[in-house]
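Heads up: the structure comes next, in structure tokens.
The values are calculated or read from the model by the stated rules, or taken from the named source; none is laboratory data. What you are looking at is a predicted structure, and each value in this text was computed from that prediction instead of being measured. Using ideal geometry, Cβ is built from the backbone for each residue, glycine included, and neighbour counts are taken over all protein chains shown.
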Amino acid sequence: MMARVLRAADRAATPWKNGGGVTREIAAHPEGAPLDAFDWRVSLAEVTEDGPFSSFPGVDRTLTVVEGAGMDLLVGGEHHILDEPHWPHDFPGDPETEGRLLGGPVVNVNVMCRRGRTSATVAVVRGTVRPAAPPGGAALAIALEDGAVLDGTDIALDRYDALLTREGTPGVLRTHGWALLVTLSES
């Protein structure tokens with residue numbers, strides 16, 4: 001089993017080209033891959049203004065609002081209202097996409113997978129979870145609130161800290177609040 005704790009405090013903020021927010025990469029594969037070469041990428045985005053989303057041809061996206069009132073995404077001319085926190089929403093990265101804030105700034109977890117290489121299952125959970133990486137894949141558990149603990153270890157996750165597992169499972173993660181679990185599989 002290979003598991004690694006990824007601390008929120010260690011993530012650098014990357015401003016968006018349009019000035020509408022910043023992104024902090026949580027994890028990607030291959031690690032350090034540029035935006036046009038990742039198989040998968042998970043990031044935390046702070047959105048402060050309405051505006052266009054970056055285009056990601058050949059990429060499937062899952063966006064989960066974790067703070068704020070939500071967004072109205074206009075994806076290829078179709079409205080997608082994301083007004084429920086902790087509700088993963090899938091959409092393709094190919095079409096032109098605009099985001100409109102519904103009531104002030106939001107924080108989103110964004111999961112992106114290169115179509116034909118990787119796929120993701122995203123769930124928001126509370127309580128006891130066993131993050132398990134499928135063969136050749138990965139599992140990422142992100143604490144959305146303080147107080148997640150990995151049984152039998154001294155590993156504790158604060159808000160937005162993550163536990164990345166590449167093989168098997170590191171054991172039982174007990175959350176005192178919400179957590180987002182991303183399971184990434186090779187296609």
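Values as computed for the structure displayed
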| read-out | value |
| --- | --- |
| Among the candidates G51, G32, residue that is under 16 Å from C113 (Cα atoms) and either out of contact with any Pro (no Cβ under 9 Å at 6 or more places or on another chain) or among the acidic types (D, E) (or both) | G32 |
| Those residues of region 142-174 which are over 23 Å from L63 (Cα atoms) and of a type in the set (K, R), in sequence order | R174 |
| Selection count, region 152-187, where residues are of a type in the set (K, R) and assigned to a strand (DSSP E or B) | 2 |
| Strands (runs of 3 or more DSSP E) wholly inside region 82-139 containing at least 1 residues that are of a type in the set (S, T, Y) | 97-101, 118-129 |
| Candidates D151, D158, D146, filtered to the one that is without any contact (Cβ under 8 Å) to a residue 24 or more places away in the chain and either surrounded by fewer than 16 Cβ atoms within 10 Å (Cβ to Cβ) or under 21 Å from P30 (Cβ atoms) (or both) | D151 |
| Members of region 128-187 found to be of a type in the set (D, E, K, R) and touching an Asp or Glu at 6+ places or on another chain (Cβ under 7 Å), listed by number | D146, D158, R159, R174 |
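Matching residues to (1) in the same structural domain as V106 (by TED's automatic domain parsing); (2) more than 19 Å from A120 (Cα to Cα); (3) touching a helix residue (DSSP H, G or I) at 6+ places or on another chain (Cβ under 7 Å); (4) not acidic (D, E):
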residue: V22; (1), (2), (3), (4): yes, yes, no, yes
residue: E25; (1), (2), (3), (4): yes, no, no, no
residue: R41; (1), (2), (3), (4): yes, no, no, yes
residue: E49; (1), (2), (3), (4): yes, yes, no, no
residue: G68; (1), (2), (3), (4): yes, yes, no, yes
residue: D72; (1), (2), (3), (4): yes, yes, no, no
